[in-house]
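These notes are about the structure you will find just below.
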Amino acid sequence: MPRVADRPDGVLRDLRSRMGDPSGTAASRFSPHLVPVFSTPEFVGSDARRDGQIRYVGPSSVDRLAGYDFP
């Protein structure tokens, strides 16, 4: 399992290097400022948070495969 946990850290180190900040420690997946949500407030429902930290970016989806009906 340690190799699985190391993968995101390596990707972030590479990204920081390419951005010119190899000694940086920020991790976008743990931002104290913003939470991207792959949904919409309408889909989440009336309990959806609508504060400044939440950004609904729409569902993460692709076109449906031909031949399958959606109920």
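Solvent-accessible surface (1.4 Å probe) assigned to F38 amounts to roughly 140 Å².
Each label was represented as a point 7 Å from its Cα along the Cα-to-Cβ direction; for D14 and T40 these points are 3.5 nm apart. Close amide H contacts of I54 (hydrogens built in the peptide plane, cut-off under 5 Å, sequence separation of 5 or more or a different chain): V35. Sequentially through segment 48-55, phi angles give Karplus couplings (6.51, -1.76, 1.60; θ = phi - 60°) of 4, 6, 10, 7, x, 7, 9, 10 Hz, Gly and Pro residues having no value and appearing as x. Between D6 and D21, the contour length at 0.36 nm per residue exceeds the Cα-Cα span by 3.5 nm.
Pick out, in residue order, every one of the trypsin sites (Lys or Arg not before Pro) in segment 11-53 that is DSSP loop and has at most 12 other C-beta atoms within 10 Å; say none if there are none. The partial results should precede the final answer.
Numbers: sites: R13, R16, R18, R29, R49, R50; in loops: R49, R50.
Those that pass, being in a loop and sparsely packed, are R49, R50.
The values are calculated or read from the model by the stated rules, or taken from the named source; none is laboratory data. Note that the structure is a prediction, hence the values are computed from the model and not measured. Here the Cβ is made from the backbone with ideal geometry for all residues, glycine too, and neighbour counts use every protein chain on show. Heavy atoms of the whole protein, side chains included, go into the accessibility calculation; ligands, DNA and RNA do not. Shrake-Rupley method; radii C 1.70, N 1.55, O 1.52, S 1.80 Å.
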